[in-house]
Amino acid sequence: MDFSLILFLFVLLTGLISAGYWMICERARRALRANEARAASGVVVGNANRAMARLTRPQPLLVEYARALFPVVLIVFLLRSFLVEPFRIPSGSMLPSLHIGDFILVNKFSYGLRLPLLNYKIIPLNAPQRGEVMVFRYPLNPKLNFIKRVIGLPGDVIGYRNKQLFINGQAVARVDDGAFSFPQLKLRGVAADQYRETIGASTHAILLDQNLAARDMEVTVPRGNYFVMGDNRDHSNDSRYWRFVPEDHLVGKAFFIWFSWNSAGGGGVQWHRLGTRIQ
């Protein structure tokens, strides 16, 4: 279900109820003012009692709830649409940077101001940079949101050979950083090699599972598109398989972990991950 659409419909419904009730009351107030003006001239208006009754009777429960909720849901909708939107990490494709059960914040303003629901850019701002962690609508099913790391910009030549990443013919620098086990992927006892990789301004950890073969490829990123990969390189459905992310599919830049629940490990708050900045 599209939560943004549901939220928009809720804003619309509560707004219409609130506005409709306000219009009814405003007509009653105008009738009272007109009656007072005419009474001063000696003319009696018969609908004054009805108008007074309308203004003094209790609000219907539906109207009371709508008027109370409308400003709240409107603010939430505007914040989610233009500034910051929360997401939950459902898979291990971005391990070890992001864990299953991490709740993150995404800066919606970073890649330009877009109209809600339509995702049409109205104010261009910054463009994605190599190394940033980006949320986008999955090209093969735009109803789904994916999160990956930006690897290639428009015009870049991206190569992947023997599990080594190349950008424009240059091997991406990485250093050995030990091993990583996979308890969150239900692969207990299986470990992957961990490396520290530097792309653009970002230095981050990646995982390579030597038990799985590499998918070698080389592509040129088309204009208006981006090439993305998961940090868990051998357990990620990314641009190596379905190619590119169109510019109009961008959602925003992931920047902060505000909560983390160890859902894959049996539950419990992962306190050490709260307040972590996403590299």
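The values are calculated or read from the model by the stated rules, or taken from the named source; none is laboratory data. Only a predicted model underlies this, so the values are computations on that prediction, with no experimental measurement involved. Here the Cβ is made from the backbone with ideal geometry for all residues, glycine too, and neighbour counts use every protein chain on show.
Structure above, values below:
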{"read-out": "Region 194-228, subset within 20 Å of GLN279 (Cβ to Cβ) and in contact with a Phe, Trp or Tyr (Cβ under 8 Å, 6 or more places away or on another chain), residue surrounded by the most Cβ atoms within 10 Å (Cβ to Cβ)", "value": "ILE206"}
{"read-out": "Complete set of residues in region 142-155 that are within 19 Å of ASP231 (Cα to Cα) and either modelled with pLDDT of 95 or more or assigned to a loop (DSSP other than H, G, I, E, B) (or both)", "value": "PHE146, ILE147, LYS148, ARG149, VAL150, ILE151, GLY152, LEU153"}
{"read-out": "Any strands (runs of 3 or more DSSP E) falling wholly within region 172-273 and containing at least 1 residues that are free of Cβ contacts under 8 Å to residues at least 40 places away in the same chain and not acidic (Asp, Glu)", "value": "174-182, 187-199, 202-208"}
{"read-out": "Residue list for region 58-78, filter: closer than 24 Å to VAL133 by Cα and surrounded by 13 or more Cβ atoms within 10 Å (Cβ to Cβ)", "value": "VAL76, PHE77"}
{"read-out": "Hey, SER181 at pLDDT 90 or above and among the small types (Gly, Ala, Ser) or not", "value": "no"}
{"read-out": "Condition broken by ILE167, with the remaining ones in (1) crowded, with 18+ Cβ neighbours inside 10 Å; (2) more than 29 Å from GLN194 (Cα to Cα) satisfied", "value": "(2)"}
{"read-out": "Within region 90-141, considering residues that are without any contact (Cβ under 8 Å) to a residue 60 or more places away in the chain and crowded, with 18+ Cβ neighbours inside 10 Å, the one farthest from TRP271 (Cα to Cα)", "value": "ARG114"}
{"read-out": "Filtered residues of region 91-141 (kept if among the small types (Gly, Ala, Ser), in contact with a Leu (Cβ under 9 Å, 6 or more places away or on another chain) and either assigned to a strand (DSSP E or B) or farther than 18 Å from ILE151 by Cβ (or both))", "value": "SER91, GLY92, GLY112"}
